[in-house]
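The values are calculated or read from the model by the stated rules, or taken from the named source; none is laboratory data. What you are looking at is a predicted structure, and each value in this text was computed from that prediction instead of being measured. For neighbour counting, all protein chains shown are included, and Cβ atoms are generated from backbone atoms with ideal geometry for every residue, glycine included. To get the accessible areas, we keep the full protein, side chains included, count just its heavy atoms, and leave off ligands, DNA and RNA. Shrake-Rupley method; radii C 1.70, N 1.55, O 1.52, S 1.80 Å.
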Amino acid sequence: MQTEINFRGQPIPYTVERRKRKTIGISVTADKGVRVAAPLWVTHAQIREVVLSRAEWIVKKRLLLQERKQQASPCSFTEGALLLYRGSSYPLHIQRVPGSSRVAFRMEENRFLAVVPEGLPAEFEVSSLRSIAVDWYKVQAQSLVRDRIGFYAERMGVAPSKVAVREQKTLWGSCSGKDSININWKLVMAPLPILDYVLVHELAHIKQKNHSKAFWSLVATVLPDYSERSHWLKENGVKLIV
């Protein structure tokens, strides 16, 4: 259920999720906005009071997320522009070849190399490079996810029915009721421990279909520092952009 409060003339919309829990929890993220996890027995009035009591914190958190989003901009795909890969930034070198019709993109030593036909209009060159770079990232993500999820699935004693790497605008990963797992290809830009956290999180949903204590306990048995990894993703996920 979605509703809103007004704080100092500013509307704060929030979504309420009813769960089996003892207290009311509030989270603010760039992709999901303000979400309130509430026990089944509390009234809407009680939830509203708690949201009002945390309104100043919510406003500050939203402003911080907006500032981070503004700082995270897509790659310009010009000479020397930096691209993320597995947690590190690498410069882009563009090689323009006369008479060629080929566009290529690859990693070469400690840089990215893009090969394009000479004389392409600037806007078309950028769009072509972005498209082929995304294709390259998806291939790398497919390979990396396949290797890492196999390792953790065996360790956790689970077997996903299917694993797909795809574009997901608001999710880093998901696990369906039929144990099919989807992973966002953009995670290949994050440090490996962050990708591992998302993989373990989704694999844990094969055994626990919710975010209960049992679920987090299962995640913790594999990654004792999962909360730090989750925090990194919440703080830096907006920067994983091409």
Close pairs (6 angstrom Cβ cut-off, 6 or more residues apart or separate chains): closer than 15 Å to Ala30 by Cβ and at pLDDT 90 or above in the stretch 5-17, open to solvent by 50 Å² or more (accessible area, probe 1.4 Å) and of a type outside the set (Asp, Glu) anywhere: Thr15/Gln2; Thr15/Arg35
Within the stretch 119-207, which strands (runs of 3 or more DSSP E) (wholly inside it) include 3 or more residues that are small (Gly, Ala, Ser)? none
Do we find that Gly173 is of a type in the set (Gly, Ala, Ser) and either touching a strand residue (DSSP E or B) at 6+ places or on another chain (Cβ under 8 Å) or over 26 Å from Phe215 (Cα atoms) (or both) in this structure? yes
Hits in the stretch 144-170 - residues which are surrounded by fewer than 15 Cβ atoms within 10 Å (Cβ to Cβ) and under 19 Å from Pro191 (Cβ atoms): Arg146, Asp147, Phe151
Identify the single condition in (1) more than 26 Å from the chain's Cα centre (by Cα); (2) within 29 Å of Val145 (Cα to Cα); (3) of a type in the set (Phe, Trp, Tyr) that Tyr90 does not satisfy, given that it satisfies every other one. (1)
Just the residues that are farther than 21 Å from Leu240 by Cβ, open to solvent by 40 Å² or more (accessible area, probe 1.4 Å) and touching a residue at least 24 places away in the same chain (Cβ under 8 Å), please, taken from the stretch 180-209. Lys207, Lys209
Give me a count of the residues in the stretch 208-242 that are in a loop (DSSP other than H, G, I, E, B) and of a type in the set (S, T, N, Q). 3
Would you check if Arg62 is at pLDDT 95 or above and closer than 25 Å to Gln168 by Cα? no
Yes/no for Val200 being of a type outside the set (Phe, Trp, Tyr), modelled with pLDDT under 95 and touching a helix residue (DSSP H, G or I) at 6+ places or on another chain (Cβ under 6 Å): no
Inter-residue pairs, beta-carbon under 6 Å, first within 10 Å of Glu202 (Cβ to Cβ) and without any contact (Cβ under 8 Å) to a residue 12 or more places away in the chain and in the stretch 154-178, second basic (Lys, Arg) and open to solvent by 30 Å² or more (accessible area, probe 1.4 Å), 6+ apart: none
Got at least one residue in the stretch 217-233 being basic (Lys, Arg), without any contact (Cβ under 8 Å) to a residue 24 or more places away in the chain and farther than 14 Å from Gly157 by Cα? no
Only one of Ala141, Ala104 is more than 18 Å from the chain's Cα centre (by Cα) and either open to solvent by less than 80 Å² (accessible area, probe 1.4 Å) or among the aromatic types (Phe, Trp, Tyr) (or both); which? Ala104
Inside the stretch 112-131, the number of residues satisfying the requirement of being surrounded by 14 or more Cβ atoms within 10 Å (Cβ to Cβ) and touching a strand residue (DSSP E or B) at 6+ places or on another chain (Cβ under 6 Å) is 7
